[in-house]
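Notes follow the structure.
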Amino acid sequence: MKIGLFIPCYVDALYPEVGVSTYKLLRSLGLDVYYPEKQTCCGQPMGNAGFQDKSRKLVESFDELFKGFDYVVAPSASCTSYVRFFHPEIAGHECEAAGKTVDLVEFLHDIMKVKSLPAKFPHKVSLHNSCHGVRELGLSSPTERNIPKFNKIKDLLQMVEGITVFEPERPDECCGFGGMFSIEEIGVSTKMGIDKLHRHIGTGAEFITGPDSSCLMHMQGIAAKRKLPVKFIHVAQILSAGL
Amino acid sequence: MSTIHAKRANEFVRDTEKVDRHDATFWSVRVKRDAMAHMLPEWENLREAASRIKKHTVTHLADYLEKFAENARQNGVHVHWAKDAAEYNDIVLKILNEHDVRKVVKSKSMLTEECGLNDSLIHHGIDVVETDLGERILQLMGIPPSHIVMPAIHITREQVMECFVDKGIVEKEGQKAADSMHGDRRVLEAEADPTFLTRCARFHLRENFMTADCGMTGANFGIAETGEVVVCTNEGNADMSTSIPPLHIVSMGIEKLIPDYKSMAVFQRLLARNGTGQPTTVYTSHFRKPRPGQEMHIILVDNGRSDILGNEDHWQTLKCMRCGACMNTCPVYRRSGGYSYTYFIPGPIGINLGMLKNPDVNFNNCSACSLCCSCDNVCPVKVDLSTQIYKWRQQLDSMHHADPMKKAMSEGMKVMFDHPGLYTSALRVAPVANCMPSFLTNLVMSPWTYGHSMPEFAKKSFHQLWKSGLDDHK
Ligand code: SF4
Ligand code: SF4
């Protein structure tokens with residue numbers, strides 16, 4: 001199976017280790033993984049700010065770069081859902097790549113159906129169920145809905161040796177990132193982040209982990225400013241620990 | 001440049017205790033709602049059914065309206081049509097004048113709020129008394145509601161006490177209230193005892209019910225099949241408002257229509273469960289015909305609704321049954337309060353309705369959303385609230401309401417992301433930012449650093465790592 005690796009811009013610049021973990025994880029499953037070097041961003045920051053039109057060219061070139069792969073895998077739920085659900089509308093036509101773009105968790109859980117992982121991570125973690133992962137990609141059952149409970153991220157994390165996984169109170173309330181929202185509505189965004197952090201820390205976990213580096217970045221920035229005692233790690237890094 | 005919502009919200013969050021209380025209050029309603037939703041195995045089917053019934057009704061609105069009006073007339077009810085707020089206010093005034101009405105008692109109606117009815121009546125010398133307890137408190141305080149279902153939940157009992165003292169209600173009704181509780185009036189007053197306050201309000205309202213010449217209600221639903229309206233309250237005040245006065249006027253938005261009793265059963269199961277976490281409202285009152293000796297009028301109000309029907313992106317707002325759940329779940333509403341929004345209906349549905357009503361003012365609310373999509377998932381009629389907010393944002397630039405900072409940033413991103421070469425070289429220099437004196441980076445990113453420390457750029461981007469050996473194909 002030929003996999004196109006999509007490493008969203010902020011992962012590229014701020015958290016390259018998340019990209020490396022994803023790559024190693026996919027390779028360890030015996031997959032053929034390529035990283036098209038001309039990729040940049042999914043366009044979501046512009047779209048959420050109200051300038052989706054400015055990402056038209058980017059959307060077309062995303063499709064060009066990735067349409068030849070069997071799957072496009074990204075370690076980011078939010079970017080994945082933007083590509084899958086918004087690219088066709090922005091382009092004004094069906095996008096081949098968009099239909100094949102999946103988040104790493106979805107890919108491992110639903111497509112590769114992994115049942116075991118060699119990773120070890122003897123730590124307590126609090127799981128951050130990020131909004132677009134929950135409510136757009138369906139990585140876990142949204143608490144608003146009356147449907148059977150599930151959590152694909154937790155399923156995967158629990159394959160890791162030594163790990164203890166907690167979920168915070170209000171397990172899928174927004175952390176307040178929201179792209180430009182965190183700049184434009186700084187007061188509410190920060191307050192949401194603080195509240196979320198306290199709930200994560202309240203579980204007694206040493207790490208906050210999740211499928212979206214953007215939420216982690218937001219919370220990390222707020223935690224650092226207040227010197228809150230918690231560390232951050234992307235799900236991909238835990239699942240690949242020891243590779 | 002910040003929107004009005006952002007500015008007011010930034011003020012609101014300063015008082016941590018207040019914002020935490022506000023958040024906790026509405027979150028507890030969300031929790032109660034979830035418990036109710038999880039008690040009904042058919043919950044998601046009900047939502048789907050409700051959504052489809054609403055879609056069906058609003059897409060056949062003219063037929064159902066005719067049917068409703070015809071049946072209402074057959075029941076001996078006078079039916080009026082108002083195309084906008086002004087026409088509506090005129091019709092009400094005309095009916096009141098014909099009956100020499102001096103005082104009106106009203107049960108809660110967001111439509112009268114939308115049309116500014118109270119001001120119009122007061123202006124014409126008619127005494128208007130809100131009878132929903134929360135609404136009455138706000139009316140006495142001279143402030144607007146901050147939520148559509150729990151309009152005064154942000155007011156503390158101490159504030160209510162102060163207001164009741166101020167308005168002479170405690171002086172007049174306090175002794176009666178204390179006696180009815182077999183309590184010591186001075187103690188009850190000093191403690192701003194909630195039961196004492198409700199008793200005072202009860203005696204105060206009772207007198208108004210007895211002396212009013214007209215009772216006005218809204219309508220949660222209008223049933224086309226029978227020509228009746230259904231009003232849901234917890235206090236029974238709609239029934240009190242209509243039981244004594246010889247005149248009953250119903251104000252109903254044309255989107256409140258549903259086809260028949262069978263559909264009513266679907267909505268009845270959803271409304272209170274979803275709105276307040278109760279299995280049902282305490283009173284579900286059906287008004288079909290006037291009492292003997294009473295006159296009943298129904299005013300069907302358009303006020304922009306048929307324009308919304310023709311709006312491809314936003315017609316779904318007409319499915320809304322004003323349960324308030326999207327506000328309760330909205331993490332932004334809970335942390336910014338109803339008064340941070342520029343439209344009288346706040347929260348997710350208010351952002352959208354406000355834009356439909358007056359975008360030149362209400363664009364100020366479009367920032368109040370992190371696009372978490374929680375509102376879409378609680379809505380009992382599946383209004384696509386967050387999608388609509390996203391769509392409004394795309395239109396702000398052409399409406400000349402785009403934020404210049406966001407526009408500049410988006411333009412910068414476009415240039416960078418459209419040119420992979422530029423993007424890559426920008427990343428190559430990015431680590432330099434880490435070495436700059438922090439006051440410089442703080443200045444550049446000042447809004448972000450209000451709440452956050454700066455993120456650190458990695459020493460080497462993934463791009464660079466890939467090139468320098470990660471790629472194991474070669
Ligand atoms: S999507 Fe926006 S409006 Fe809806 S609940 Fe989330 S923050 Fe509030
Ligand atoms: S939009 Fe939906 S959730 Fe919000 S008030 Fe209307 S019916 Fe209730």
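The values are calculated or read from the model by the stated rules, or taken from the named source; none is laboratory data. The structure presented is a predicted model; accordingly, all values stated were derived computationally and were not measured. Note that we place each Cβ from the backbone using ideal geometry, even for glycine, and neighbour counts take in every protein chain shown. To get the accessible areas, we keep the full protein, side chains included, count just its heavy atoms, and leave off ligands, DNA and RNA. Shrake-Rupley method; radii C 1.70, N 1.55, O 1.52, S 1.80 Å.
What residue, among those in region B:330-361 that are within 13 Å of ligand 1 (Cβ to nearest atom) and more than 12 Å from the chain's Cα centre (by Cα), is farthest from the other protein chains (Cβ to nearest Cβ)?
If we take residues in region B:330-361 being within 13 Å of ligand 1 (Cβ to nearest atom) and more than 12 Å from the chain's Cα centre (by Cα), then B:Met355 is farthest from the other protein chains (Cβ to nearest Cβ).
For region B:397-407, what are the residues that are open to solvent by 20 Å² or more (accessible area, probe 1.4 Å) and either in a helix (DSSP H, G or I) or of a type outside the set (Ser, Thr, Tyr) (or both)? Break it down into steps so the answer makes sense when it comes.
To start, the set of residues in region B:397-407 that are open to solvent by 20 Å² or more (accessible area, probe 1.4 Å) comprises B:397-402, B:404-405, B:407.
Hits for region B:397-407 are B:Asp397, B:Met399, B:His400, B:His401, B:Ala402, B:Pro404, B:Met405, B:Lys407.
Of everything in region A:105-142, what is more than 14 Å from every other protein chain (Cβ to nearest Cβ) and closer than 16 Å to A:Asp212 by Cα? Give them in sequence order.
Of everything in region A:105-142, those that are more than 14 Å from every other protein chain (Cβ to nearest Cβ) and closer than 16 Å to A:Asp212 by Cα turn out to be A:Val105, A:Glu106, A:Phe107, A:Leu108, A:Val125, A:Ser126, A:Leu127.
Tell me the residue from A:Ala49, A:Ala74 that is surrounded by 23 or more Cβ atoms within 10 Å (Cβ to Cβ), touching a residue at least 60 places away in the same chain (Cβ under 8 Å) and touching a Lys or Arg at 6+ places or on another chain (Cβ under 7 Å), please.
Numbers: A:Ala74 fails: touching a Lys or Arg at 6+ places or on another chain (Cβ under 7 Å).
Result of the check over A:Ala49, A:Ala74: A:Ala49.
Against the definition (at pLDDT below 95 and assigned by TED's automatic domain parsing to the domain that holds B:Arg269), how does B:Gly304 come out, yes or no? Talk me through it step by step, then tell me what you get.
Values: at pLDDT below 95: no; assigned by TED's automatic domain parsing to the domain that holds B:Arg269: yes.
No; evaluated as a whole, the condition is false for this residue.
Checking B:Asp63 against (1) assigned to a helix (DSSP H, G or I); (2) within 13 Å of chain A (Cβ to nearest Cβ); (3) exposed (fewer than 14 other Cβ atoms within 10 Å of the Cβ), which single condition isn't satisfied?
Every listed condition holds for B:Asp63 apart from (2).
Of the residues A:Ile147, A:Ile186, A:Ile201, which is within 12 Å of chain B (Cβ to nearest Cβ) and either of a type in the set (D, E, K, R) or surrounded by fewer than 22 Cβ atoms within 10 Å (Cβ to Cβ) (or both)?
Criteria check complete, one pass: A:Ile147.
Could you list, in sequence order, all residues of region A:101-125 that are assigned by TED's automatic domain parsing to the domain that holds A:Lys24 and of a type in the set (S, T, N, Q)?
Scanning region A:101-125 gives a single hit, A:Thr101.
Taking A:Phe232 as meeting all but one of (1) in contact with a Leu (Cβ under 6 Å, 6 or more places away or on another chain); (2) closer than 25 Å to B:Asp20 by Cα, write down the number of the exception.
Status for A:Phe232: all satisfied but (2).
Given (1) open to solvent by less than 10 Å² (accessible area, probe 1.4 Å); (2) closer than 21 Å to B:Ile298 by Cβ; (3) in contact (Cβ under 8 Å) with a residue 40 or more places away in the chain, where does B:Leu121 come up short, assuming only one miss?
Of the numbered conditions (1) open to solvent by less than 10 Å² (accessible area, probe 1.4 Å); (2) closer than 21 Å to B:Ile298 by Cβ; (3) in contact (Cβ under 8 Å) with a residue 40 or more places away in the chain, the odd one out for B:Leu121 is (3).
Go over the candidates A:Thr190, A:Thr203 one by one and state the one that is assigned to a loop (DSSP other than H, G, I, E, B) and either modelled with pLDDT of 95 or more or within 29 Å of B:Lys7 (Cα to Cα) (or both).
A:Thr203
Out of all the residues in region A:33-42, which are at the interface with chain B (Cβ under 7 Å from one of its Cβ atoms) and under 23 Å from B:Met405 (Cα atoms)?
Result: A:Thr40, A:Cys41.
Could you check region B:259-275 and list, in sequence order, the residues that are within 11 Å of ligand 2 (Cβ to nearest atom), over 16 Å from the mean Cα position of the chain (by Cα) and within 14 Å of chain A (Cβ to nearest Cβ)?
Filtering region B:259-275 for residues within 11 Å of ligand 2 (Cβ to nearest atom) gives B:267, B:270-271, B:274-275.
Subset that is over 16 Å from the mean Cα position of the chain (by Cα): B:267, B:270.
Scanning region B:259-275 gives a single hit, B:Leu270.
Looking at B:Asn364, is it crowded, with 20+ Cβ neighbours inside 10 Å, within 15 Å of ligand 1 (Cβ to nearest atom) and more than 9 Å from chain A (Cβ to nearest Cβ)?
yes
Give the residue that is least open to solvent (accessible area, probe 1.4 Å), with candidates limited to residues of region B:38-52 that are of a type in the set (A, V, I, L, M) and under 13 Å from B:Cys379 (Cα atoms).
Only one residue tops the list, namely B:Ala50.
Within region B:460-474, take every residue that is at pLDDT 80 or above and not in a helix (DSSP H, G or I) and give me the one that is farthest from A:Tyr10 (Cα to Cα).
Looking at residues that are at pLDDT 80 or above and not in a helix (DSSP H, G or I), I get B:Lys460.
Only one of these conditions is not met by B:Ser410: (1) surrounded by 23 or more Cβ atoms within 10 Å (Cβ to Cβ); (2) more than 16 Å from ligand 1 (Cβ to nearest atom); (3) closer than 30 Å to B:Thr16 by Cβ. Which number is it?
Of the numbered conditions (1) surrounded by 23 or more Cβ atoms within 10 Å (Cβ to Cβ); (2) more than 16 Å from ligand 1 (Cβ to nearest atom); (3) closer than 30 Å to B:Thr16 by Cβ, the odd one out for B:Ser410 is (3).
On the basis of being at pLDDT 95 or above, touching a Ser or Thr at 6+ places or on another chain (Cβ under 7 Å) and not charged (D, E, K, R), does A:Ser130 make the cut?
It is true that A:Ser130 is at pLDDT 95 or above, touching a Ser or Thr at 6+ places or on another chain (Cβ under 7 Å) and not charged (D, E, K, R).
From A:Asn151, A:Asn146, grab the single residue that is touching an Asp or Glu at 6+ places or on another chain (Cβ under 6 Å) and not assigned by TED's automatic domain parsing to the domain that holds A:Ser81.
A:Asn146
Considering only region B:356-382, state which residues are within 13 Å of ligand 2 (Cβ to nearest atom), within 13 Å of B:Met327 (Cα to Cα) and aliphatic (A, V, I, L, M).
B:Val378
Take the residues of region B:371-385 that are open to solvent by less than 10 Å² (accessible area, probe 1.4 Å) and within 6 Å of ligand 1 (Cβ to nearest atom): which is farthest from the other protein chains (Cβ to nearest Cβ)?
Residue satisfying both the conditions and the ranking: B:Leu385.
Taking into account only those residues within region B:334-351 that are more than 8 Å from ligand 2 (Cβ to nearest atom) and outside any loop (DSSP other than H, G, I, E, B), which is farthest from B:Thr280 (Cα to Cα)?
It comes out as B:Ser340.
Please list, ordered by residue number, the helices (runs of 4 or more DSSP H) wholly in region B:227-333 having 1 or more residues that are open to solvent by 20 Å² or more (accessible area, probe 1.4 Å).
In region B:227-333, B:237-243, B:261-275, B:305-309 are the helices (runs of 4 or more DSSP H) which contain 1 or more residues that are open to solvent by 20 Å² or more (accessible area, probe 1.4 Å).
State which residue is nearest to A:Ile186 (Cα to Cα) when the search covers only region B:369-400 and only residues that are over 18 Å from the mean Cα position of the chain (by Cα) and of a type in the set (Lys, Arg).
Checking each candidate, the answer is B:Arg393.
Take the conditions of a type in the set (Ser, Thr, Tyr) and either closer than 30 Å to B:Leu270 by Cβ or surrounded by fewer than 21 Cβ atoms within 10 Å (Cβ to Cβ) (or both) and apply them to A:Ser81. Does it pass?
Spelling it out, A:Ser81 is indeed of a type in the set (Ser, Thr, Tyr) and either closer than 30 Å to B:Leu270 by Cβ or surrounded by fewer than 21 Cβ atoms within 10 Å (Cβ to Cβ) (or both).
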